[in-house]
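Colleague: Mind having a look at this structure? Questions to follow.
The values are calculated or read from the model by the stated rules, or taken from the named source; none is laboratory data. Since the model is a prediction, treat every value here as computed from it, not as a measurement. Don't worry about glycine lacking a Cβ; one is built from the backbone with ideal geometry, like all the others, and counts go over all protein chains shown. The accessibility values were calculated without ligands, DNA or RNA, using every heavy atom of the protein model including side chains. Shrake-Rupley method; radii C 1.70, N 1.55, O 1.52, S 1.80 Å.
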Amino acid sequence: MTGTRTGASARAVAAGGVMLAWIALLWLLEGVDTATGNSLDTHGISPREPSELADIVPAAFLHSGWEHLASNTVPLLVLGFIAALAGIRRFAAVVLVVIAASGLGVWLTAPPHTVTLGASGVVFGLLGYLLVRGFVDRRPWDIVIGLGVAVVYGSLLWGVLPTDSGVSWQGHLFGLVGGVAAAFLLRRPRTPREGHYVTV
């Protein structure tokens, strides 16, 4: 029992540390962007320009202002912490899948002459991942967590609809798809005890 508690505490500390460091980085980058006349915003994604593919990753760490950053901070911190409790390496893999899916989706489908940046694609990706992870891994506790996440953050799903021309619903939609895909791509292998076997 003590070992289990110690392991859970260590995972919580690691998850909290990673997310606090991530949030601090986002705020630091926005501070640099503001101080340099929004120079970092050039690393947002402009659709269908081959050179812009290199900006898919940095675009997920940049924002178009303090209000934009503040709106993403709490859901990213909460959802990221919950997802990272299962292990930092797996969490990092989930985030990479989500960033790639969201960024490529924006690059392919965003309107011309637009620049997209922000962590909301990752937020939607983590939301999608947590909603389906328990069902994919067939872990009852993760299903309960997913249902709790749905109650608290389920209303965010409206963000995948094209209701606001100033918001990248493409980034939200493809981030969500990336999170669901990550749950399947990174699903945990089932042990013999978890399976149902019939011998003859």
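Colleague: Against the definition (open to solvent by 30 Å² or more (accessible area, probe 1.4 Å), closer than 20 Å to Ala8 by Cα and of a type in the set (Gly, Ala, Ser)), how does Ala100 come out, yes or no?
Modeller: no
Colleague: Okay, moving on. What pairs come out if I take residues in the stretch 133-161 that are under 19 Å from Ser102 (Cα atoms) and without any contact (Cβ under 8 Å) to a residue 24 or more places away in the chain and pair them with residues that are part of a helix (DSSP H, G or I) and open to solvent by 60 Å² or more (accessible area, probe 1.4 Å) whose C-beta lies under 8 Å away, six or more apart or interchain?
Modeller: Leu161/Trp169
Colleague: Would you mention how many residues in the stretch 24-60 are touching a helix residue (DSSP H, G or I) at 6+ places or on another chain (Cβ under 8 Å), among the hydrophobic types (A, V, I, L, M, F, W, C) and open to solvent by 50 Å² or more (accessible area, probe 1.4 Å)?
Modeller: Adding up the residues that qualify gives 4.
Colleague: Would it be correct to say that Pro75 is open to solvent by 10 Å² or more (accessible area, probe 1.4 Å) and closer than 17 Å to His172 by Cβ?
Modeller: Answer is yes for this residue.
Colleague: Any idea which of (1) open to solvent by 40 Å² or more (accessible area, probe 1.4 Å); (2) outside any helix (DSSP H, G or I); (3) not basic (Lys, Arg) is the one Ile143 doesn't satisfy?
Modeller: With (1) open to solvent by 40 Å² or more (accessible area, probe 1.4 Å); (2) outside any helix (DSSP H, G or I); (3) not basic (Lys, Arg) applied to Ile143, the lone miss is (2).
Colleague: For the stretch 146-176, enumerate the residues that are open to solvent by 80 Å² or more (accessible area, probe 1.4 Å) and in a helix (DSSP H, G or I).
Modeller: The answer is Leu147, Val151, Val152, Ser155, Trp158.
Colleague: Looking for something under 14 Å from the mean Cα position of the chain (by Cα) and free of Cβ contacts under 8 Å to residues at least 40 places away in the same chain - is there at least one such residue anywhere in the stretch 100-122?
Modeller: There is no residue in the stretch 100-122 that is under 14 Å from the mean Cα position of the chain (by Cα) and free of Cβ contacts under 8 Å to residues at least 40 places away in the same chain.
Colleague: Evaluate the following for Trp66: is it without any contact (Cβ under 8 Å) to a residue 40 or more places away in the chain, over 18 Å from Gln170 (Cα atoms) and open to solvent by 70 Å² or more (accessible area, probe 1.4 Å)?
Modeller: Yes: the conditions hold for Trp66.
Colleague: Do you know which residues across the stretch 72-120 are assigned to a helix (DSSP H, G or I), farther than 15 Å from Glu52 by Cβ and not aliphatic (A, V, I, L, M)?
Modeller: Answer for the stretch 72-120, where residues must be assigned to a helix (DSSP H, G or I), farther than 15 Å from Glu52 by Cβ and not aliphatic (A, V, I, L, M): Asn72, Thr73, Pro75, Gly80, Phe81, Arg89, Arg90, Phe91, Ser120.
Colleague: Among the residues of the stretch 103-122, count how many are among the polar types (S, T, N, Q) and surrounded by 22 or more Cβ atoms within 10 Å (Cβ to Cβ).
Modeller: Looking only at that region, the number is 2.
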